[in-house]
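**Student:** Got a structure here, written out as structure tokens. Questions coming.
The values are calculated or read from the model by the stated rules, or taken from the named source; none is laboratory data. Predicted, not measured: the structure shown is a model, and the values here were computed from it. Virtual Cβ from ideal backbone geometry, glycine too; neighbours counted across all protein chains shown. Only protein heavy atoms, including side chains, enter the accessible area calculation; ligands, DNA and RNA are left aside. Shrake-Rupley method; radii C 1.70, N 1.55, O 1.52, S 1.80 Å.
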2 protein chains.
Amino acid sequence: MVSPSPTTHTRTLCADLPAATPGQPVRIQGWVHRRRELAQLTFLVVRDRTGLAQVVVRGEAADQVPPEETPVEVTGTATANEQAPGGVELTEPRITALSDDAETPPVELWRPTLNAGLPTLLDHAAVTWRHPMQRAKWELAAASLKGFRETLDATGFTEVASPKLVESATESGANVFAVDYFGRPAYLAQSPQFYKQVLVGVFERVYEVGPVFRAEPHDTVRHLAEYVSLDVELGFIEDHHEVIACLRDVVAGMVAAVREYAGPAVERLGLVLPDVLEEIPLLHFREALEIAGAPADEPDLAPAHERAIGEWAKAEHGSDFVVVEGYPTANRAFYSHPDPADPHWSRSFDLIFRGVELVSGAQRLHRYDDYVRTLEERGYPYAPYASYVEAFRRGIPPHGGFAIGLERFVGRLTESANIREVTLFPRDLHRLTP
Amino acid sequence: MVSPSPTTHTRTLCADLPAATPGQPVRIQGWVHRRRELAQLTFLVVRDRTGLAQVVVRGEAADQVPPEETPVEVTGTATANEQAPGGVELTEPRITALSDDAETPPVELWRPTLNAGLPTLLDHAAVTWRHPMQRAKWELAAASLKGFRETLDATGFTEVASPKLVESATESGANVFAVDYFGRPAYLAQSPQFYKQVLVGVFERVYEVGPVFRAEPHDTVRHLAEYVSLDVELGFIEDHHEVIACLRDVVAGMVAAVREYAGPAVERLGLVLPDVLEEIPLLHFREALEIAGAPADEPDLAPAHERAIGEWAKAEHGSDFVVVEGYPTANRAFYSHPDPADPHWSRSFDLIFRGVELVSGAQRLHRYDDYVRTLEERGYPYAPYASYVEAFRRGIPPHGGFAIGLERFVGRLTESANIREVTLFPRDLHRLTP
């Protein structure tokens with residue numbers, strides 16, 4: 001990235017400064033990260049998207065250094081200095097402010113760690129995300145997205161985009177946001193479930209990355225009203241084990257991409273990335289209850305159970321991931337495929353990552369008659385589901401899929417206490433800004 | 001993709017069938033695309049995500065062929081036949097239906113062209129997208145998305161995800177969808193404009209692919225109520241020409257990706273892909289009016305003007321693309337940067353692709369005082385814009401960006417008369433389903 005003979009017209013990124021030839025002129029751009037005035041000189045630290053650079057300012061030029069967070073351009077001479085970050089600093093600088101003086105930030109961004117409570121972090125998100133430790137978290141998210149797509153692109157999947165404005169709720173009637181759609185009611189999609197299933201009929205294998213909306217009336221550390229869902233659906237499967245195998249590859253691809261594309265962020269945060277085993281440990285729901293010490297008639301896994309199962313997987317298999325399959329059919333979405341050997345259990349599964357549910361998935365029903373019977377058995381009215389269910393008269397092969405919550409994935413990678421810490425601009429019961 | 005010694009356990013994709021060893025058993029999966037009964041035998045054409053395969057069915061087995069669009073698995077013997085597509089067909093087949101018999105589709109999907117009017121196409125989108133000519137259009141979209149991201153990933157951009165639920169409208173008060181947000185009003189974002197500008201302060205260069213929402217009260221062939229916006233914003237620019245250069249590279253990357261990843265779709269549709277010149281022809285707004293034969297005091301370009309300018313670019317420069325810069329400041333979004341040499345004109349631009357506006361972009365204002373003055377000059381109240389404008393007190397460098405409408409891009413690639421033809425499940429004034 002370093003130009004072979006830097007001129008003042010070429011920008012040098014901070015990360016490339018150590019490779020600059022001492023004595024040559026260089027030009028950097030970024031924000032005033034830190035201004036430190038000593039008796040004889042002033043140290044200016046400039047931050048750009050790649051890192052930090054030190055500028056030594058002497059004499060009157062020190063008065064030209066604008067306040068912290070002001071965008072600046074600095075031209076100067078690359079000078080070797082063992083004390084400087086990367087061994088090269090800028091001397092004899094000419095400093096140009098690229099905007100008006102920045103207001104004092106609500107938190108001191110130049111400190112190595114961001115010393116702010118969650119409300120401050122969120123109220124001033126536009127500024128607090130500038131902190132290198134905070135920004136690193138989103139760098140993990142961006143790399144994860146890349147790994148997700150790369151894995152699926154390599155195995156015949158087609159990216160799709162389904163509408164977020166829908167006529168009726170497919171997941172359940174509760175927890176939907178209502179929209180005034182040209183004077184008639186519409187809803188924000190809780191998931192692309194219907195569309196990805198129907199599009200299996202077109203492309204066989206589809207994925208979508210997009211926002212989903214849940215009018216979650218609870219204020220918890222792991223729920224958001226809007227989050228980024230990584231949705232996958234694939235056709236012509238034998239059963240849900242093929243879906244789990246696909247999920248394993250996707251998660252492995254995401255972790256590998258974090259390693260490859262967000263290495264500096266991983267290092268900055270001091271993270272130990274999880275290994276994704278070739279075969280993720282797999283438990284039946286019944287075994288999971290046993291391991292968690294829960295009664296055999298529990299209908300679902302509580303957060304405490306998931307933590308216990310996560311600990312079991314780590315102790316027994318050295319795995320940060322564990323899949324639980326076979327949740328009771330009655331407790332899963334109505335489109336989940338029952339286990340033909342015993343329809344009390346379903347061909348559904350959850351992936352638990354470090355003790356927290358990260359992914360839900362299943363083989364789905366694919367026959368029209370099965371949908372009609374299931375709706376009847378559950379006492380659901382047909383009409384709101386009609387357009388969804390009718391699609392299965394058109395020839396949809398056996399299929400299944402899953403959805404990964406991006407923020408949950410990054411939250412577990414960073415072992416964050418609250419999902420809001422890894423969400424750029426979170427939305428919840430109380431928060432609609434910034 | 002062909003397994004070296006295919007067994008009945010390995011699936012062969014239709015596109016790989018020509019490479020199968022004659023006499024060997026193969027197993028294909030897909031939909032009954034066509035069932036053609038002759039006196040002595042029945043031809044079954046199977047369609048999967050990669051193409052078509054011919055199966056020769058003799059005797060009683062012909063009764064096993066389910067109706068068109070039913071998903072099936074066929075095992076048989078790969079047999080050379082010059083008459084078959086790709087020179088190889090399946091003989092002595094065993095046919096297994098993978099779901100119940102499909103209902104007769106609303107249009108005959110096996111015909112080479114899809115003989116259906118737009119309402120049929122849209123009402124039955126879940127089925128009509130299965131037609132190879134229709135599906136090809138979305139394959140162009142998926143490849144375009146890949147090209148967009150690859151180009152930006154290679155030049156230091158970070159992918160971001162901004163909230164779609166917002167407290168107030170940033171683009172303009174009109175044409176927003178209102179949402180009931182836990183009992184208080186919220187809106188669907190018309191664009192990620194605010195967030196991408198603020199995130200320049202964090203990552204310098206950002207992009208986002210996501211839905212945007214416009215409560216368009218007009219029913220036109222080029223507007224949708226929800227579409228996929230490809231948003232880009234970059235900081236530390238000299239002026240809007242750097243933004244235009246970035247746009248040029250992005251569009252070139254999208255076209256290159258269509259060529260690379262969607263070659264069969266391009267061929268199926270018989271498209272001539274546009275060349276993207278190293279320098280896209282650039283006109284000032286005044287020149288554009290002149291070329292279009294419009295009065296010099298026109299405030300904007302009408303669709304007819306854009307068509308004329310598109311024709312001019314093709315005739316004069318052999319280019320399918322032309323950029324018009326310098327639109328009158330008063331007629332562009334308030335955050336557009338005026339031309340310092342003459343603030344009547346702005347540092348904004350549109351990219352016209354084959355006579356239709358595809359992209360809008362600009363250098364933006366980056367100083368707080370400029371925002372305050374502009375709002376005053378336009379008579380806009382400060383309060384609704386406060387949180388947006390206050391962000392520019394925090395040190396945002398000179399920046400600019402643009403947004404590409406995915407459906408418009410594909411619409412122009414395919415020269416479709418109506419944008420709905422290239423949208424998976426369009427939303428407009430009248431349409432909220434499927």
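**Student:** If you take the residues in segment A:10-22 that are open to solvent by 50 Å² or more (accessible area, probe 1.4 Å) and among the small types (G, A, S), which one is farthest from the other protein chains (Cβ to nearest Cβ)?
**Tutor:** That would be A:A19.
**Student:** From the list B:E325, B:E279, B:E298, B:E306, which residue is open to solvent by 20 Å² or more (accessible area, probe 1.4 Å) and out of contact with any helix residue (DSSP H, G or I) (no Cβ under 7 Å at 6 or more places or on another chain)?
**Tutor:** Unique residue meeting the criteria: B:E279.
**Student:** Let me ask you something else. Could you check, for segment B:195-209, whether at least one of its residues is at pLDDT 95 or above, basic (K, R) and open to solvent by less than 30 Å² (accessible area, probe 1.4 Å)?
**Tutor:** Yes: segment B:195-209 contains one or more residues that are at pLDDT 95 or above, basic (K, R) and open to solvent by less than 30 Å² (accessible area, probe 1.4 Å).
**Student:** Would you mind stating whether A:A161 is open to solvent by less than 20 Å² (accessible area, probe 1.4 Å) and touching a residue at least 24 places away in the same chain (Cβ under 8 Å)?
**Tutor:** no
**Student:** Right, another one. Taking segment A:232-265, which residues are touching a residue at least 60 places away in the same chain (Cβ under 8 Å), assigned to a helix (DSSP H, G or I), more than 20 Å from A:E325 (Cα to Cα) and not aromatic (F, W, Y)?
**Tutor:** A:G253, A:M254, A:V255, A:A256, A:A257, A:V258, A:E260, A:P264, A:A265
**Student:** Output the residue which, of all residues in segment B:164-176 that are in a loop (DSSP other than H, G, I, E, B) and crowded, with 18+ Cβ neighbours inside 10 Å, is modelled with the highest pLDDT.
**Tutor:** Looking only at segment B:164-176, we keep the residues that are in a loop (DSSP other than H, G, I, E, B), and these are B:164, B:167-176.
Add one more test, that the residue is crowded, with 18+ Cβ neighbours inside 10 Å, and what stays is B:164, B:168-170, B:176.
Numbers: B:K164: 98, B:S168: 83, B:A169: 72, B:T170: 61, B:V176: 94.
Among those that are in a loop (DSSP other than H, G, I, E, B) and crowded, with 18+ Cβ neighbours inside 10 Å, it is B:K164.
**Student:** Could you check, for segment A:98-111, whether at least one of its residues is out of contact with any His (no Cβ under 6 Å at 6 or more places or on another chain), in contact (Cβ under 8 Å) with a residue 60 or more places away in the chain and over 30 Å from B:F236 (Cβ atoms)? Outline the logic, then answer.
**Tutor:** Within segment A:98-111, the subset out of contact with any His (no Cβ under 6 Å at 6 or more places or on another chain) is A:98, A:100-105, A:107-108, A:111.
Then keep just the ones that are in contact (Cβ under 8 Å) with a residue 60 or more places away in the chain; that gives A:98, A:102.
After this cut, where a residue has to be over 30 Å from B:F236 (Cβ atoms) as well, the list is none.
Checked segment A:98-111: no residue is out of contact with any His (no Cβ under 6 Å at 6 or more places or on another chain), in contact (Cβ under 8 Å) with a residue 60 or more places away in the chain and over 30 Å from B:F236 (Cβ atoms).
**Student:** At the interface with another protein chain (Cβ under 7 Å from one of its Cβ atoms), crowded, with 20+ Cβ neighbours inside 10 Å and modelled with pLDDT of 95 or more: is that true of B:I396 in this structure?
**Tutor:** In short, yes.
**Student:** Does A:T374 qualify as being of a type in the set (S, T, N, Q), more than 9 Å from every other protein chain (Cβ to nearest Cβ) and in contact with a Phe, Trp or Tyr (Cβ under 6 Å, 6 or more places away or on another chain)?
**Tutor:** yes
**Student:** Of these, A:L351, A:L273, A:L289, which one is open to solvent by less than 60 Å² (accessible area, probe 1.4 Å), over 28 Å from the mean Cα position of the chain (by Cα) and modelled with pLDDT of 95 or more?
**Tutor:** Just one listed residue meets the conditions, A:L289.
**Student:** I'd like to check something: does segment B:123-136 contain any residue that is under 28 Å from B:S416 (Cβ atoms), crowded, with 19+ Cβ neighbours inside 10 Å and modelled with pLDDT under 95?
**Tutor:** Yes, the conditions are met somewhere in segment B:123-136.
**Student:** While we're looking at this one, here's another question. Among the numbered conditions (1) part of a strand (DSSP E or B); (2) at the interface with chain B (Cβ under 10 Å from one of its Cβ atoms), tell me where A:L224 comes up short.
**Tutor:** Here A:L224 clears every test but (1).
**Student:** Test A:S144 against the criterion of being of a type in the set (S, T, Y) and assigned to a loop (DSSP other than H, G, I, E, B), and give yes or no. Spell out the reasoning first.
**Tutor:** Details: of a type in the set (S, T, Y): yes; assigned to a loop (DSSP other than H, G, I, E, B): no.
Here the answer is no, as A:S144 does not meet what is asked.
**Student:** Just to confirm my filter: which strands (runs of 3 or more DSSP E) fall fully inside segment A:35-121 and include at least 2 residues that are open to solvent by less than 80 Å² (accessible area, probe 1.4 Å) and in contact with a Lys or Arg (Cβ under 8 Å, 6 or more places away or on another chain)?
**Tutor:** Filter on segment A:35-121 gives A:41-48, A:71-80.
**Student:** Of all residues in segment B:157-208, how many are within 7 Å of chain A (Cβ to nearest Cβ) and among the small types (G, A, S)?
**Tutor:** 5
**Student:** May I ask you to say which residue of B:A126, B:A116 is more than 16 Å from B:L269 (Cβ to Cβ) and in contact (Cβ under 8 Å) with a residue 40 or more places away in the chain?
**Tutor:** Among B:A126, B:A116, only B:A126 is more than 16 Å from B:L269 (Cβ to Cβ) and in contact (Cβ under 8 Å) with a residue 40 or more places away in the chain.
**Student:** Failed condition for B:V179, given (1) buried (at least 23 other Cβ atoms within 10 Å of the Cβ); (2) assigned to a helix (DSSP H, G or I), with all others met?
**Tutor:** (2)
**Student:** Please work out which residue is nearest to the other protein chains (Cβ to nearest Cβ), limiting yourself to segment A:409-419 and to residues that are in contact with a helix residue (DSSP H, G or I) (Cβ under 8 Å, 6 or more places away or on another chain) and surrounded by fewer than 24 Cβ atoms within 10 Å (Cβ to Cβ).
**Tutor:** Per the criteria, the residue is A:I419.
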